[in-house]
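Undergrad: Here you go, one structure.
The values are calculated or read from the model by the stated rules, or taken from the named source; none is laboratory data. Since we're looking at a predicted model, the values are computed, not measured. Cβ coordinates were reconstructed from backbone atoms using ideal geometry, including for glycine residues, and neighbour counts include every protein chain displayed.
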Amino acid sequence: MNNTLKKIIAALAILVAVALIVVPGVIGASIESSTASNLTKLVPTQILEQITIEQTNFDSSWFSSTARFELAVNTIEQQDLTLMLDLKISHGPLLFTSQGVRLGMAFADISPNLDNIANITLPLELPNFNFYLLAGFFQSLESGVSVGNIEYGEDTAHFLLEGMEASVALAANQSADMRFEMGELEIEISDDNVAMRIPGISATSRTENFLNIAAISEANIVIPSIIMDSPTPGRVGGVRIESHVAPSQTGINQLDIYQRLAVDSIESEFPFNSINWVFEVNEINSTIFEGYSQLLGDMQSFAASNNAADPSQLNQIGQELALLLVQNSLEFKNLLEANIYDGNHQLDLSISWQGLPDLTSFSELDINALINALTVHVALSLNESATMQSPLADFVTNYVNQGFLQIDNGSIELLASLQSGNLIVNDESLPIDQFF
């Protein structure tokens, strides 16, 4: 190693050491005002209007600080409720926290307690709450909460939740990552003969813009099992829910929405054994989301300014949204797979809507134009042996005799399509006007 390289490494090491020593003091000098503002950002606007936040204490040293805030609730009548927040703040850039070693501007462990809890009668003992707040680099912000065991019991009911944790990370570009973990949940209500248990729930979510419902996003929920002891004993295993919003490959400003519900196993007195349902909406114009958000905002503003909603105005809002949907093209896909009566069944349904962009009023809607703008494909496959053991046996037999359903190699099938106003069922063309 030559002398020049050694000098560069030594200089970098000195710079890092100076940063680790000097930067915490610099951060500590400005952290008092930023802590209060960051706490305020975490509170939703509607709630912020009902509380006041007051800083009562702040002590700062070079590498850490402590602070206390009082949150007074303004909406509780006849008794004042004050929440005390005690903060232990570590100054960055290197943070040794309850969440492990982190990098950032500052990290705060927040311990809440109710100042006058002795004057309030509660039906159960309050669990342990722990909050944290991480002010990261580049204006990022992360907050999290952990809740200890919650238990409530009396002669006729028992409730137990073995803790939960949640966190939200917000970036300067308005992207967000969310995480949720819940421990075992037990519920017993003897009067209603209800007894169930869920070993846990986990959920994750990410969006590129938490302020825009049309932003690229994904979410996943996993429930390992749901165990029901009464009123109907049973067990549901492997529950998964997925949702994605992604750019469509078909055009600019178009989105694809994907949702899936899967249940791997069902053990009960009912004939269902498993379910897999996939639902998609493709080629949806992003302006529909924008219009939907605008209409919802108008409804909320109207409700906030009036004691009672005007049905005619709400009907007008609904018609505007429906017209927006009819004018734009859409594509729906449904795939439902289920094991029922020990047989596998499948329904594949796709609907393509070309849209009526020239339509300006529902009074101008022509039924023939509507039908011609629709393309529908249906493929139904039922396990013959399982279906004939079900209550639908007579119903299915009747439609087989009429030719609407066909039996092929142990499978009851239906193939139907509607395209350009032509209805075809199992290769047979049917006049569409007989249904109108």
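Undergrad: Does residue 420 satisfy the condition of being out of contact with any helix residue (DSSP H, G or I) (no Cβ under 8 Å at 6 or more places or on another chain), modelled with pLDDT under 90, more than 30 Å from residue 264 (Cβ to Cβ) and surrounded by fewer than 12 Cβ atoms within 10 Å (Cβ to Cβ)?
TA: When the stated conditions are applied, residue 420 does not pass them.
Undergrad: Ok, one more. Would you please list the contacts, defined by Cβ atoms under 7 Å and residues six or more apart or on different chains, that run from a residue in segment 339-356 that is within 30 Å of residue 285 (Cα to Cα) to a residue that is among the basic types (Lys, Arg) and surrounded by fewer than 18 Cβ atoms within 10 Å (Cβ to Cβ)?
TA: Close Cβ pairs (under 7 Å, with a partner that is among the basic types (Lys, Arg) and surrounded by fewer than 18 Cβ atoms within 10 Å (Cβ to Cβ)) amount to 350/333.
Undergrad: Among the listed residues 366, 348, which satisfies the condition of being closer than 28 Å to residue 278 by Cβ and either outside the structural domain of residue 382 (by TED's automatic domain parsing) or acidic (Asp, Glu) (or both)?
TA: 348
Undergrad: Which of the numbered conditions does residue 307 fail, given that it passes all the others? Conditions: (1) surrounded by fewer than 16 Cβ atoms within 10 Å (Cβ to Cβ); (2) modelled with pLDDT of 85 or more.
TA: Just one mismatch for residue 307, condition (2).
Undergrad: Determine which single condition residue 376 fails, assuming it passes every other condition in (1) surrounded by fewer than 11 Cβ atoms within 10 Å (Cβ to Cβ); (2) β-branched (Val, Ile, Thr); (3) at pLDDT 90 or above.
TA: (1)
Undergrad: Could you pull out every one of the strands (runs of 3 or more DSSP E) wholly within segment 152-242 that has 2 or more residues that are small (Gly, Ala, Ser) and over 26 Å from residue 107 (Cα atoms)?
TA: It comes to 217-230.
Undergrad: Could you please find all residues in segment 264-279 being of a type outside the set (S, T, N, Q) and out of contact with any Gly (no Cβ under 9 Å at 6 or more places or on another chain)?
TA: Result: 271, 272, 275, 277, 278, 279.
Undergrad: With respect to residue 119, is the statement that it is farther than 29 Å from residue 64 by Cα, modelled with pLDDT of 80 or more and surrounded by fewer than 18 Cβ atoms within 10 Å (Cβ to Cβ) true?
TA: no
Undergrad: Among the residues of segment 332-369, count how many are surrounded by 11 or more Cβ atoms within 10 Å (Cβ to Cβ) and in a helix (DSSP H, G or I).
TA: Here the count works out to 2.
Undergrad: Exactly one condition in (1) out of contact with any helix residue (DSSP H, G or I) (no Cβ under 6 Å at 6 or more places or on another chain); (2) surrounded by 15 or more Cβ atoms within 10 Å (Cβ to Cβ); (3) more than 24 Å from residue 136 (Cβ to Cβ) is not met by residue 215; state its number.
TA: Unmet condition: (3).
Undergrad: When you go through 194, 263, 239, 245 one by one, which is the residue that is under 22 Å from residue 149 (Cβ atoms) and touching a strand residue (DSSP E or B) at 6+ places or on another chain (Cβ under 7 Å)?
TA: The conditions single out 194.
Undergrad: Identify the residue in segment 282-291 that is crowded, with 16+ Cβ neighbours inside 10 Å and of a type outside the set (S, T, N, Q) and, among all such residues, is modelled with the lowest pLDDT.
TA: Only one residue tops the list, namely 291.
Undergrad: Turning to a different aspect of this structure: Hey, does segment 242-260 have a residue that's crowded, with 17+ Cβ neighbours inside 10 Å and small (Gly, Ala, Ser)?
TA: yes
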